[in-house]
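This report refers to the structure that appears directly beneath it.
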Amino acid sequence: MSDNEQKSGLAKAYDFKDVERKWYDSWQENNLFSAKMEEGKDNFAIVIPPPNVTGVLHVGHALNNTLQDILARYHRMKGDNTLWLPGTDHAGIATQNVVERQLATENESRHTLGREKFIERVWQWKEEKGSTIINQLKHLGSSCDWQRERFTMDKGLSKAVRAVFVRLFNEGLIYKGDYIVNWCPRCHTALADDEVEHEDTAGALYHIRYPYADGSGQVIVATTRPETMLGDTAVAVHPDDERYQGLSEIGIKLPLSERTIPVVLDHHVQREFGTGALKVTPAHDRDDYEIGLRHELAVLKVMDDSGTMNEAAGDYQGLDRFECRKRIVADLKEQGYLEKIEEYDHAVGHCYRCKTVTEPTTSLQWFVSVKPLAAKAVDAVRDGRINIHPKSWNNTFYAWMDNIRDWCISRQIWWGHQIPAWTCEKCGELIVSEKDPDSCPKCGSGELVQETDVLDTWFSSALWPFSTLGWPDETKEMAHFYPTSVLITSFDILFFWVARMMMMGLHFQDEVPFKDVYLHALVRDKHGKKMSKSTGNVLDPLVLIEKFGTDALRFTLTAFAAQGRDIRLSEERIEGYRHFINKIWNAARFSLMHLEDFFTGEKPPPIDHGKLALPHAWILSRLNQATIDSHRALNDFRYNDYASTLYQFIWHELCDWYLEWIKADLYGDDDEAKETARLVLLTVLEESLLLLHPIAPFITEEIWQALPGERDSIMISPFPEARDQWQNSEAETSAQLVMEIIGGIRNIRSEMQIHPKAEVEAFIISSDAAANERIMAQAQSIKTLTRLKSLEIESSGQVPKGAASYILADKEIFVPLAGLIDVEQEMAKLKKARQKLEKQEKQTSGKLKNEKFLANAPADVVAKEQEKLAEFKGKLEKIAETMARLGDL
RNA sequence: GGGCGGUUAGCUCAGCUGGGAGAGCAUCGGCCUUACAAGCCGAGGGUCACAGGUUCGAUCCCUGUACCGCCCACCA
């Protein structure tokens, strides 16, 4: 171990593994995540998008929770009553599938077990495995109030579900009916419209001859699903279609069947498509169902719940629907009914859970009338009570809400909230009630049978922002935290979830569920492809954390979280930000070497900003700017701006300039200068850590605790506020000048290949007396930072021949290099610079000669252009002088 | 068929209300200078997709075109 390591007490490279575990445990032990509800303070609440209880953390979760944690930590540090409420979703179909698979390995099934035992089994699974994702969220550093963790099936939430269901039913907004729904033949349940994913599929369009019932002719219908013809109960044509006038009196003899079906006239039929005749299968097609309703057609189901042809399919009974399709086509062909087969691409619906092709079919289901609820949600977004970020989603949101159809909420599975409705076996009365009824209120019979269906999972998650706060009871939590502040989620559940929370919140609380919705992007692989297990391009956040550390992963995700754009993630990119985390670590090590014995008891007095030397005044001014920018970025959900502000400030201003600049004081003999440097250094380091904490919680705490003095957790230390007295434009101007000079000298050294250790002389020629004074005040710093033997400034005069030069607007820097100058090379460099400047000069002077520009442009823009012109002219002059001198050589 | 987003340095992307094109990575040159080689210093590199328009002025606003991506949709 070197001296430095001993002195700072920190290892040379940041070892995140122990650090992360240590501090996370400490935060939990000290209850720092738990929400306070103090009066007179602002409230800030986020409810987590509850991950599926079956879930395993993926990068999307990592992004989602990092963004939430940043806001939670920010507001907690600001002193707000801050609640970040965690929990999981019971995920009906997904969870049931998991447990069923498990049962299958034991040669059991839910049917052999029976409903009650099966549900017990799922609960058992939940107790054993259900906290996986919660534990993974902890690795991310999530500062959720874990004591308030909820589950969409727990007692309180079940109570809320029933309360909502009953009220909606009593209001006539929930109804039961036999309608066409999307059916998954594998999951054996109905699905909501948005649970069906449409995929373009290469299929075929079959043209089939349907003979007239009187044998006088035929009509050709086209279909992508010939097997459904077994359920045809009509052929539809457009009422104005001249080709089929009078056909409605004749009827059609359905091929492969003994049935005769009517021809109906319906405006839905597109005359241009195919032959303008449409076979109508009300039981297996949504449009046909609608047509059927209009013409009171029979609804003939030809498949059962598993997609197998039923007795109505006659000879085809027992065949799987796809097998049946082949048979039907073969039979049609054989019997001369098949006109032709065309290749045809069309969208086919798939179950979003198991990817099975869904079957539209009629079924007795429960629905929510969403139109009145949706209207309220649209209003809330329109009048700004809810703000969606980025705004570009507004139109999509409106479009979807305007076209919304009733929501099928019943599912024929077992895992979920069983619908609180009972039928009286005796009199048939339907009873909907929050509490399990003992007897029929109509006939008094005790023979009541509860609905076997459960509710769509999204029904309970739609209540999440208030059910988790204790509603329907009147709780302190509701009073403080409803409406919640922000909802942060991925755009792909905007409709599944966000829109429904708006509807339910507005309807039941008469108040929005959240004021802002931040929709973040999808995390893709480095080629822009969606991550998926089958492609094998999945990045596992836990592996990334193991490899690069949580803070590095969080910083990366934040830095790339620009609004409205997907994130392409790769290990290389995280590695880059790990370097940044390590940079902070080393800056802290350096600082601690000088701060370790700075003070032990009382903190030193605050900085006297009235008489600070340039580097101190400058860094405080820059820090103040970074603070202002951080607040602004966080309040505007501009996460990437927040990350880059800190990256830029800490690395390029604090480390590259300030630390180098004050080394002379820190290592020097001037005690007063040394004390000031230590004090400002400590201040800047502290504030930087505080600014950085929400994004990189672990390293900031580790360093914070190593700083001198007794300290509370950085988590509960105040987030920096802007300090006007630190703003110092004079210092910024001076510092910029000094940096320009240093840059110029370094440029010469590098271009001239002067060895870094070689000490050289430099001259500056400048007629600007004020500037010269500023430069001379920093002469020592400039010399140290550029390894100069001497630095001289002259207002005019001769410079030794054979000096390398660097041109500034009204100054010229020379480093004499007798005999070492490559004249041609220097000339070429100058010519190139001149060329560029001439172009800029021309452009700017052109503008300034333009009367319209002078008349229309704001004064400050004109002034700036004038400054620019002066600068260009000055540089050109200096270049001319230098070239002339070089020419003399 | 509608809607949305993208096109800026070799790569990945910033660029908020129009006013001298930026970052990270990569590349090239020089440095193990006692915080950091996971680093430091310096350099090169762009017709801001294309075509019009508005404007004193356009990477930015408008219109159109071309590619790329996503979402929604009941033409069988």
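The values are calculated or read from the model by the stated rules, or taken from the named source; none is laboratory data. Bear in mind the structure is a predicted one, so any value in this text is a computation, not a measurement. Neighbour counts are summed over all protein chains in view; Cβ atoms, including those assigned to glycine, are modelled from backbone coordinates with ideal geometry. To get the accessible areas, we keep the full protein, side chains included, count just its heavy atoms, and leave off ligands, DNA and RNA. Shrake-Rupley method; radii C 1.70, N 1.55, O 1.52, S 1.80 Å.
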Going by the structure shown, is A:Arg271 assigned to a helix (DSSP H, G or I), on the phi < 0 side of the Ramachandran plot and either open to solvent by 50 Å² or more (accessible area, probe 1.4 Å) or at pLDDT 90 or above (or both)? no
Over the range A:667-695, the set of residues outside any helix (DSSP H, G or I), under 21 Å from A:Val19 (Cα atoms) and out of contact with any Leu (no Cβ under 9 Å at 6 or more places or on another chain) is A:His693
Restricted to the range A:316-351 and to residues being free of Cβ contacts under 8 Å to residues at least 12 places away in the same chain and farther than 18 Å from A:Ala204 by Cβ, the residue farthest from the chain's Cα centre (by Cα) is A:Gln317
Those residues of the range A:784-805 which are touching a residue at least 60 places away in the same chain (Cβ under 8 Å) and small (Gly, Ala, Ser) amount to A:Gly802, A:Ser805
Of (1) within 9 Å of RNA strand B (Cβ to nearest atom); (2) over 22 Å from the mean Cα position of the chain (by Cα), A:Phe367 satisfies every one except (1)
Among A:Tyr352, A:Tyr344, A:Tyr337, the single one that is farther than 23 Å from A:Ile220 by Cα and within 16 Å of RNA strand B (Cβ to nearest atom) is A:Tyr352
Only unsatisfied item for A:Asp288, checking (1) among the charged types (D, E, K, R); (2) surrounded by fewer than 22 Cβ atoms within 10 Å (Cβ to Cβ); (3) touching a Ser or Thr at 6+ places or on another chain (Cβ under 9 Å), is (2)
message: It is to be established whether one or more residues within the range A:48-70 are hydroxyl-bearing (Ser, Thr, Tyr) and under 18 Å from the mean Cα position of the chain (by Cα).
response: yes
Conditions (1) open to solvent by 10 Å² or more (accessible area, probe 1.4 Å); (2) more than 9 Å from RNA strand B (Cβ to nearest atom); (3) assigned to a helix (DSSP H, G or I); (4) farther than 26 Å from A:Tyr518 by Cα -> A:Leu623 fails only (1)
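Listed here are the residues, each with its yes/no results for (1) closer than 23 Å to A:Leu614 by Cα; (2) modelled with pLDDT under 95; (3) near RNA strand B (Cβ under 10 Å from one of its atoms); (4) open to solvent by less than 20 Å² (accessible area, probe 1.4 Å).
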| position | (1), (2), (3), (4) |
| --- | --- |
| A:Ala633 | no, yes, yes, yes |
| A:Tyr639 | no, yes, no, yes |
| A:Gln648 | yes, yes, yes, no |
| A:Asp669 | yes, yes, no, no |
| A:Ser688 | yes, no, no, yes |
A:Ile250: passes all of (1) in contact with a strand residue (DSSP E or B) (Cβ under 7 Å, 6 or more places away or on another chain); (2) open to solvent by 30 Å² or more (accessible area, probe 1.4 Å); (3) closer than 20 Å to A:Tyr316 by Cβ but (3)
Take the conditions under 18 Å from A:Leu569 (Cβ atoms), of a type in the set (Ser, Thr, Tyr) and in contact (Cβ under 8 Å) with a residue 60 or more places away in the chain and apply them to A:Ser485. Does it pass? no
Restricted to the range A:309-322 and to residues being at negative phi and open to solvent by less than 80 Å² (accessible area, probe 1.4 Å), the residue nearest to RNA strand B (Cβ to nearest atom) is A:Arg321
Expected single match for open to solvent by less than 10 Å² (accessible area, probe 1.4 Å), of a type outside the set (Asp, Glu), touching a strand residue (DSSP E or B) at 6+ places or on another chain (Cβ under 9 Å) and not in a helix (DSSP H, G or I) among A:Ile764, A:Ile754 is A:Ile764
In the range A:465-502, anything more than 19 Å from A:Leu67 (Cβ to Cβ) and of a type in the set (D, E, K, R) is listed as A:Asp473, A:Glu474, A:Lys476, A:Glu477, A:Arg500
Scanning the range A:219-232 for residues that are open to solvent by 10 Å² or more (accessible area, probe 1.4 Å) and either more than 12 Å from RNA strand B (Cβ to nearest atom) or among the aromatic types (Phe, Trp, Tyr) (or both) gives A:Leu230
Scanning the range A:190-216 residue by residue, those part of a strand (DSSP E or B), over 31 Å from the mean Cα position of the chain (by Cα) and not charged (D, E, K, R) turn out to be A:Ala202, A:Gly203, A:Ala204, A:Leu205, A:Tyr206, A:His207, A:Ile208, A:Tyr210, A:Pro211, A:Tyr212
With the structure loaded, tell me whether A:Ser142 is within 30 Å of A:Arg73 (Cα to Cα), polar (S, T, N, Q) and part of a loop (DSSP other than H, G, I, E, B) or whether it fails that test.
yes
Taking the range A:382-405 and the residues there that are open to solvent by 60 Å² or more (accessible area, probe 1.4 Å) and part of a loop (DSSP other than H, G, I, E, B), the one that is nearest to RNA strand B (Cβ to nearest atom) would be A:Ser392
**Prompt:** When you look at A:Ser248, is it away from RNA strand B (no atom under 13 Å from the Cβ), polar (S, T, N, Q) and outside any loop (DSSP other than H, G, I, E, B), yes or no?
**Reply:** yes
Looking across the range A:580-615 at residues that are closer than 21 Å to A:Ala552 by Cβ and aliphatic (A, V, I, L, M), the single one that is nearest to RNA strand B (Cβ to nearest atom) is A:Ala587
Considering the range A:196-218, residues that are within 16 Å of A:Gln335 (Cα to Cα) and within 13 Å of RNA strand B (Cβ to nearest atom), and then whichever is most open to solvent (accessible area, probe 1.4 Å), we arrive at A:Tyr206
Reported set for the range A:257-281 where residues are more than 13 Å from RNA strand B (Cβ to nearest atom) and within 20 Å of A:Glu339 (Cβ to Cβ) is A:Ser257, A:Ile261, A:Val263
Only one of (1) closer than 20 Å to A:Ile775 by Cα; (2) of a type outside the set (Lys, Arg); (3) at pLDDT 85 or above does not apply to A:Gly797, and that is (3)
